[in-house]
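**Q** Input: one structure, supplied below.
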Amino acid sequence: MSPSHCVLVTGGAGYIGSHTVLQLLLTGYKTVVIDNFDNSCQIAVNRVQELAGDRAVNLIFHQIDIRDKAELKKLFASTKFDAVIHFAGLKAVGESVQKPLMYYDNNVVGTLTLLEVMEAHGCKKIVFSSSATVYGWPKVLPCTEDFPLSAASPYGRTKLMVEDIFRDIYASDSGWKMIMLRYFNPVGAHPSGYIGEDPLGSPNNLMPFIQQVAVGKLPALKVFGTDYSTKDGTGVRDYIHVSDLANGHLAALRKLSDPEIGCEAYNLGTGKGTSVLEMVAAFEKVSGKKIPLVISGRRPGDAEVVYASTAKAERDLNWKAENGIEEMCRDQWNWASKNPYGYQSK
Ligand code: NAD
Ligand code: UD1
């Protein structure tokens, strides 16, 4: 895949999508973004355009739901896509437990619809947003791509189902080239502070929570469990800067041109584990803000320690995360302090 190619990005107005679209544009790809704005907004797309400067001419946006087959067919009939990067989906674990039908419909039916239209138009190259959640509660660390897979929530099952669908499609037709990227914990923002994560409603994940405490929207961070067998008793995760994650997608796109590639999963993480308290300390250091803590019990369903083996991605994709925790916190704070109310900030 070379920069003159045209890539369709589903969910490209979202957190990881917007950062990836910017990298695609800056690298020279023609990029068509579709999003239904379920968890994003037009301003994010406008800001990507501004950051892309002259390259913004290569960005086309359509407000389309991936489950709308008629609209997808029209799009594929009018444009020849060399590959698809598929981010569109719902991602709140707790909500998926409350509303499983909504999650299966959006994440599984939506993906099936996309794959059907791709196949009908002879576009058989796709990069998919999977998740470290498919490793369940890992018994051995670091997580390697050949670990047994499991899921602890309807959200996790949608990721696992889509991965299985990919493997079945490839088994039936080796003309497909399919890369499943298993993200660990994406955090941070573009260094400009102009695009970042803007979750609608109350945050679920650690970093958006810390951010909202730092800007005074929430009084304190609840620490879910201090009795784990970890360095300080709090949960350990593999946080990865969203810019590194975006670059991982460009590496995956390039890999789709490798005649040897079939259907493969790759971890995108740093290979390093960081505890909740270490993350808080790093954020306090760069922001100069005190994050008040409330010690709570363990969150049901939480794993103790999760971090990636990065060996396969380094070897096959020639990709490695470059940013550490300090850069992640610095860029998160830069985004948060410039946009305390996300994209709705004045
Ligand atoms: P996000 O919510 O910011 O982005 C997803 C985008 O998809 C949003 O802009 C949303 O409006 C759009 N969308 C949702 N349903 C759609 C539909 N039916 N049609 C068209 N657009 C639709 O989330 P994100 O953090 O950028 O995540 C992107 C992908 O990565 C998701 O599939 C998510 O499950 C996966 N993922 C995210 C994380 C994480 O922690 N952020 C971790 C692992 C995997
Ligand atoms: C969550 C999702 C997982 C998804 C992953 C990637 C759940 C149960 N799992 O996992 O499916 O793939 O994000 O984004 O939601 N923490 C606190 N206080 C908080 C929030 C979190 O102490 O307010 C702790 C957690 O207990 C955990 C760590 O911070 O130890 C990270 O939590 P979180 O950001 O929610 O990510 P994951 O638990 O990895």
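The values are calculated or read from the model by the stated rules, or taken from the named source; none is laboratory data. All figures in this text were calculated on a predicted structure; none of them were measured in a lab. Cβ: placed from backbone, ideal geometry, glycine included. Neighbour counts: every protein chain shown. To get the accessible areas, we keep the full protein, side chains included, count just its heavy atoms, and leave off ligands, DNA and RNA. Shrake-Rupley method; radii C 1.70, N 1.55, O 1.52, S 1.80 Å.
**Q** Answer yes or no as to whether S130 is under 23 Å from G11 (Cα atoms), in contact (Cβ under 8 Å) with a residue 12 or more places away in the chain, within 16 Å of ligand 2 (Cβ to nearest atom) and open to solvent by less than 60 Å² (accessible area, probe 1.4 Å). Spell out the reasoning first.
**A** Values: under 23 Å from G11 (Cα atoms): yes; in contact (Cβ under 8 Å) with a residue 12 or more places away in the chain: yes; within 16 Å of ligand 2 (Cβ to nearest atom): yes; open to solvent by less than 60 Å² (accessible area, probe 1.4 Å): yes.
Criteria met by S130.
**Q** Sticking with this structure for a sec: Within segment 143-183, track down each residue that is assigned to a strand (DSSP E or B) and either open to solvent by 20 Å² or more (accessible area, probe 1.4 Å) or of a type in the set (V, I, T) (or both). Walk me through it before giving the result.
**A** Of all residues in segment 143-183, those assigned to a strand (DSSP E or B) come to 143, 150, 177-183.
S150, K177, I179, listed by residue number.
**Q** Run down L277, L250, L245 and say which single residue is assigned to a helix (DSSP H, G or I) and touching a Pro at 6+ places or on another chain (Cβ under 7 Å).
**A** Values: L277 fails: touching a Pro at 6+ places or on another chain (Cβ under 7 Å); L250 fails: touching a Pro at 6+ places or on another chain (Cβ under 7 Å).
Only one candidate qualifies: L245.
**Q** Only one of (1) of a type outside the set (A, V, I, L, M); (2) modelled with pLDDT under 95; (3) buried (at least 17 other Cβ atoms within 10 Å of the Cβ) fails for S202. Which number is that?
**A** It fails just one condition, (3).
**Q** Note down all Cβ pairs under 6 Å where the first residue falls in segment 28-50 and is touching a residue at least 60 places away in the same chain (Cβ under 8 Å), the second is part of a helix (DSSP H, G or I) and surrounded by 20 or more Cβ atoms within 10 Å (Cβ to Cβ), and they're at least six residues apart or on different chains.
**A** Every condition considered, the pairs that remain are A44/S18; V48/S18; V48/V21; V48/L22.
**Q** Then there's this: Given the conditions (1) under 17 Å from the mean Cα position of the chain (by Cα); (2) at pLDDT below 95, report the number of the one that E163 does not fulfil.
**A** Failed condition: (2).
**Q** From the list P203, P208, P199, P186, which one is of a type outside the set (A, V, I, L, M, F, W, C), in a strand (DSSP E or B) and within 12 Å of ligand 2 (Cβ to nearest atom)? Explain how you work it out, then say what you get.
**A** On the way: P203 fails: in a strand (DSSP E or B); P208 fails: in a strand (DSSP E or B); P199 fails: in a strand (DSSP E or B).
From the options P203, P208, P199, P186, the qualifying one is P186.
**Q** Just wondering, is there one or more residues in segment 276-289 that are touching a Cys at 6+ places or on another chain (Cβ under 7 Å), open to solvent by 20 Å² or more (accessible area, probe 1.4 Å), more than 13 Å from ligand 1 (Cβ to nearest atom) and not small (G, A, S)?
**A** Yes, segment 276-289 contains at least one residue that is touching a Cys at 6+ places or on another chain (Cβ under 7 Å), open to solvent by 20 Å² or more (accessible area, probe 1.4 Å), more than 13 Å from ligand 1 (Cβ to nearest atom) and not small (G, A, S).
**Q** Now for a different question. Suppose we keep only residues that are within 10 Å of ligand 1 (Cβ to nearest atom) and surrounded by fewer than 22 Cβ atoms within 10 Å (Cβ to Cβ) within segment 107-119. Which one would you say is farthest from I66 (Cα to Cα)? Steps first, answer last, please.
**A** Step one: list which residues in segment 107-119 are within 10 Å of ligand 1 (Cβ to nearest atom), which gives 107, 109-111, 113-114.
Still in the running and surrounded by fewer than 22 Cβ atoms within 10 Å (Cβ to Cβ): 109, 113.
Numbers: V109: 9, T113: 7 Å.
Checking each candidate, the answer is V109.
**Q** Which ones in segment 211-242 are under 20 Å from the mean Cα position of the chain (by Cα), hydrophobic (A, V, I, L, M, F, W, C) and in a strand (DSSP E or B)?
**A** Within segment 211-242, V236, I240 meet the criteria.
**Q** Here's a follow-up. Among the residues in segment 31-43, are any open to solvent by 60 Å² or more (accessible area, probe 1.4 Å) and within 20 Å of P186 (Cα to Cα)? Don't jump to the end; show me each part of the working.
**A** Going residue by residue through segment 31-43, those that are open to solvent by 60 Å² or more (accessible area, probe 1.4 Å) are 38-39, 42.
Subsequent filtering for residues that are within 20 Å of P186 (Cα to Cα) retains 38-39.
Yes, segment 31-43 contains at least one residue that is open to solvent by 60 Å² or more (accessible area, probe 1.4 Å) and within 20 Å of P186 (Cα to Cα).
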